[in-house]
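Asks: Please see the structure below; I have some questions.
The values are calculated or read from the model by the stated rules, or taken from the named source; none is laboratory data. Nothing here was measured: the structure is a model prediction, and the numbers come from that model. So basically every Cβ, Gly included, is an ideal-geometry build from the backbone, and we count neighbours across all protein chains shown. Each accessible area value is taken on the protein alone, full model and side chains, heavy atoms only, with ligands, DNA and RNA left out. Shrake-Rupley method; radii C 1.70, N 1.55, O 1.52, S 1.80 Å.
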Amino acid sequence: MSEGGAVEMRCWRVRRPGPIAAGPLDAERAPIPEPAPGELLVRVLACGVCRTDLHVAEGDLPVRRAAVVPGHEVVAEVVALGAATEGDGFAVGDRVGIAWLRHTCGECKFCLRGAENLCPRSAYTGWDADGGYAEFACVPAAYALRLPAGYTDADTAPLLCAGIIGYRALLRASVPPGGRLGIYGFGGSAHIAAQVAVARGAEVHVMTRDAAARELATALGAASVQGAADPPPVQLDSAILFAPVGELVPPALAALDRGGVLAIAGIHLSDIPPLNYQRHLFQEREIRSVTANTRADAREFLAFAGEHRIHLTTHGYSLDMADRALSDLAHGRFTGAAVLVP
């Protein structure tokens with residue numbers, strides 16, 4: 001039972017994965033979950049709407065939990081601890097974050113070498129377990145995150161996936177000091193990663209089809225902006241592909257200087273066209289994928305956000321409008337990030 005004695009909550013479940021126009025989500029009332037040992041029960045204060053939620057809803061990702069509650073950019077308040085839960089230092093009333101990574105085994109070779117994002121037994125919020133498109137949720141205390149001060153709940157939410165994954169993508173792109181970074185696609189994650197890169201001294205060039213996104217990129221300090229597949233005005237040391245569009249891989253590789261790295265940030269990507277070895281890969285150009293993140297990545301990024309003010313462009317939706325928020329995301333009706341506020 002939650003604070004105040006409530007026993008039910010509002011939530012959304014992915015009942016029929018498929019095109020967003022077909023209505024894959026249902027709004028429901030459900031019992032408030034009970035925290036298991038080692039878990040926190042939290043009241044959701046805000047939940048970001050991520051493109052991965054769209055991939056779950058539309059069936060681009062295989063079903064891992066039937067009728068799952070999506071959402072993994074959750075800002076919340078702790079309302080109860082599971083039995084025998086020490087809380088990892090968390091107490092009732094604390095403000096915490098729930099992100100994508102929810103569980104790793106801690107025993108496999110990947111976990112033992114500090115690459116828990118590659119754990120074969122990893123589990124994820126809003127895919128393997130119910131997430132934040134709800135009024136309440138549970139999270140393992142060991143995977144809850146402390147949040148930086150100075151941000152509203154709505155502004156904090158996108159930091160918990162868009163921000164963390166953008167940070168991981170920057171690490172994977174190996175941007176050299178003072179290097180030239182190309183960003184392909186300029187949505188929720190890209191507009192945060194661009195600010196981190198600029199703050200670290202990179203020269204950022206943005207390629208995106210959306211006129212409003214190009215204006216935002218300019219306002220956030222991009223050195224140049226152009227169309228999605230247009231060549232940047234300079235050769236790039238590194239690039240990150242945020243748009244889930246495989247057709248952009250060849251032009252992104254062609255824009256790299258010798259030894260350049262392209263990091264592909266999405267969990268889902270449409271098919272990549274054939275590559276020409278001489279044009280796209282020779283001279284030691286590299287392609288690297290990005291797979292989730294480690295908790296260390298999350299903590300490093302949130303500490304950075306606490307020390308450097310990041311400008312968040314967010315669009316608020318009530319919880320009752322979660323399906324509309326996903327539809328607007330699918331159709332590119334906003335720049336920045338959408339956030340559900342129960």
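Asks: Just the residues that are open to solvent by less than 40 Å² (accessible area, probe 1.4 Å) and modelled with pLDDT of 95 or more, please, taken from segment 300-328. Please lay out each step first, then the result.
Replies: Within segment 300-328, the first condition is being open to solvent by less than 40 Å² (accessible area, probe 1.4 Å), and the residues that meet it are 301-302, 304-305, 310, 312-313, 317, 319, 322, 325-328.
The answer is PHE301, LEU302, PHE304, ALA305, ILE310, TYR317, LEU319, ALA322, ALA325, LEU326, SER327, ASP328.
Asks: When residues of segment 314-342 are filtered for being within 18 Å of LEU159 (Cβ to Cβ) and among the polar types (S, T, N, Q), how many remain?
Replies: The number of residues fulfilling the criteria is 2.
Asks: For segment 275-299, which residues satisfy the criterion of being open to solvent by 20 Å² or more (accessible area, probe 1.4 Å) and either within 15 Å of the chain's Cα centre (by Cα) or closer than 24 Å to LEU101 by Cα (or both)? Can you show your working first?
Replies: Start the filter on segment 275-299 by keeping residues that are open to solvent by 20 Å² or more (accessible area, probe 1.4 Å), which leaves 275-279, 281-289, 291, 295-296, 299.
Within segment 275-299, ILE287, ARG288, SER289, THR291, ARG295, ALA296, ARG299 meet the criteria.
Asks: On to the next question. Within segment 171-195, which residues are assigned to a helix (DSSP H, G or I) and crowded, with 24+ Cβ neighbours inside 10 Å?
Replies: Step one: list which residues in segment 171-195 are assigned to a helix (DSSP H, G or I), which gives 171-173, 190-195.
Listed by number, the residues that qualify are ALA173, ALA190, HIS191, ILE192, ALA193, ALA194.
Asks: Right, here's the next one. List the residue pairs whose Cβ atoms are under 9 Å apart, where the first residue sits in segment 164-175 and is within 8 Å of ALA193 (Cβ to Cβ) and in contact (Cβ under 8 Å) with a residue 60 or more places away in the chain, the second is surrounded by 24 or more Cβ atoms within 10 Å (Cβ to Cβ) and among the β-branched types (Val, Ile, Thr), and the two are 6 or more positions apart or on different chains.
Replies: GLY166/ILE192; GLY166/ILE240; TYR167/ILE192; ALA169/ILE240; ALA169/ILE264; LEU170/ILE240
Asks: Now a separate question. Suppose we filter segment 116-127 for residues that are open to solvent by 30 Å² or more (accessible area, probe 1.4 Å) and outside any loop (DSSP other than H, G, I, E, B); how many remain?
Replies: Within segment 116-127, the first condition is being open to solvent by 30 Å² or more (accessible area, probe 1.4 Å), and the residues that meet it are 118, 120-121.
Subset that is outside any loop (DSSP other than H, G, I, E, B): 118.
Here the count works out to 1.
Asks: Same structure, new question: Does segment 196-209 hold any residues that are open to solvent by 40 Å² or more (accessible area, probe 1.4 Å) and under 25 Å from GLY246 (Cβ atoms), and which are they? I'd like the intermediate steps shown before the answer.
Replies: Step one: of segment 196-209, the residues open to solvent by 40 Å² or more (accessible area, probe 1.4 Å) are 198-201, 203, 209.
Correct list: ARG209 only.
Asks: Any residue that is surrounded by fewer than 24 Cβ atoms within 10 Å (Cβ to Cβ), at negative phi and out of contact with any strand residue (DSSP E or B) (no Cβ under 7 Å at 6 or more places or on another chain) - is there at least one of those in segment 128-142?
Replies: Yes, segment 128-142 has at least one match.
Asks: Taking segment 70-89, which residues are surrounded by 21 or more Cβ atoms within 10 Å (Cβ to Cβ) and more than 22 Å from ASP320 (Cα to Cα)? Give the derivation first.
Replies: From segment 70-89, those surrounded by 21 or more Cβ atoms within 10 Å (Cβ to Cβ) are 70-76, 78; that's our starting set.
Scanning segment 70-89 gives a single hit, VAL78.
Asks: Search segment 260-288 for residues that are farther than 12 Å from SER174 by Cα and pair each with any residue that is of a type in the set (S, T, N, Q) and in a strand (DSSP E or B) when their beta-carbon atoms are under 7 Å apart and the residues are at least 6 apart or on different chains.
Replies: From residues that are farther than 12 Å from SER174 by Cα, the pairs are ILE264/SER289.
Asks: Test ALA212 against the stated conditions and say whether it is modelled with pLDDT under 95 and either among the aliphatic types (A, V, I, L, M) or surrounded by fewer than 16 Cβ atoms within 10 Å (Cβ to Cβ) (or both). Write out each step before concluding.
Replies: Values: modelled with pLDDT under 95: yes; either among the aliphatic types (A, V, I, L, M) or surrounded by fewer than 16 Cβ atoms within 10 Å (Cβ to Cβ) (or both): yes.
In short, yes.
Asks: Consider ALA239 carefully, then state whether it is open to solvent by less than 30 Å² (accessible area, probe 1.4 Å), among the hydrophobic types (A, V, I, L, M, F, W, C), touching a Leu at 6+ places or on another chain (Cβ under 9 Å) and at negative phi. Talk me through it step by step, then tell me what you get.
Replies: Working: open to solvent by less than 30 Å² (accessible area, probe 1.4 Å): yes; among the hydrophobic types (A, V, I, L, M, F, W, C): yes; touching a Leu at 6+ places or on another chain (Cβ under 9 Å): yes; at negative phi: yes.
The answer is yes for ALA239.
Asks: Within segment 248-274, restricting attention to residues that are more than 22 Å from the chain's Cα centre (by Cα) and surrounded by fewer than 14 Cβ atoms within 10 Å (Cβ to Cβ), which residue is nearest to TYR184 (Cα to Cα)?
Replies: Among residues in segment 248-274 that are more than 22 Å from the chain's Cα centre (by Cα) and surrounded by fewer than 14 Cβ atoms within 10 Å (Cβ to Cβ), the one nearest to TYR184 (Cα to Cα) is PRO273.
Asks: Being β-branched (Val, Ile, Thr), assigned to a strand (DSSP E or B), buried (at least 24 other Cβ atoms within 10 Å of the Cβ) and at pLDDT 95 or above, is that true of even one residue in segment 156-167? Talk me through it step by step, then tell me what you get.
Replies: Filtering segment 156-167 for residues β-branched (Val, Ile, Thr) gives 156, 164-165.
Remaining after also requiring assigned to a strand (DSSP E or B): none.
Scanning segment 156-167, I find no residue that is β-branched (Val, Ile, Thr), assigned to a strand (DSSP E or B), buried (at least 24 other Cβ atoms within 10 Å of the Cβ) and at pLDDT 95 or above, so the answer is no.
Asks: Pairs please, first residue from segment 96-115 and within 30 Å of VAL49 (Cβ to Cβ) and outside any strand (DSSP E or B), second anywhere and open to solvent by less than 20 Å² (accessible area, probe 1.4 Å) and of a type in the set (Phe, Trp, Tyr), Cβ atoms under 7 Å, 6+ apart in sequence or on different chains.
Replies: From segment 96-115, the pairs are TRP100/TYR124.
Residues are listed down the side, and each one gets a yes or a no for (1) more than 22 Å from VAL63 (Cβ to Cβ); (2) open to solvent by 40 Å² or more (accessible area, probe 1.4 Å); (3) of a type in the set (S, T, N, Q):
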residue: GLY18; (1), (2), (3): no, no, no
residue: ALA22; (1), (2), (3): no, yes, no
residue: LEU25; (1), (2), (3): no, no, no
residue: GLU34; (1), (2), (3): yes, yes, no
residue: LEU41; (1), (2), (3): yes, no, no
residue: CYS47; (1), (2), (3): no, no, no
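Asks: From the list SER270, SER238, exactly one residue is under 13 Å from ILE287 (Cβ atoms) and not hydrophobic (A, V, I, L, M, F, W, C). Which is it? Working first, answer last.
Replies: Working: SER270 fails: under 13 Å from ILE287 (Cβ atoms).
It is SER238.
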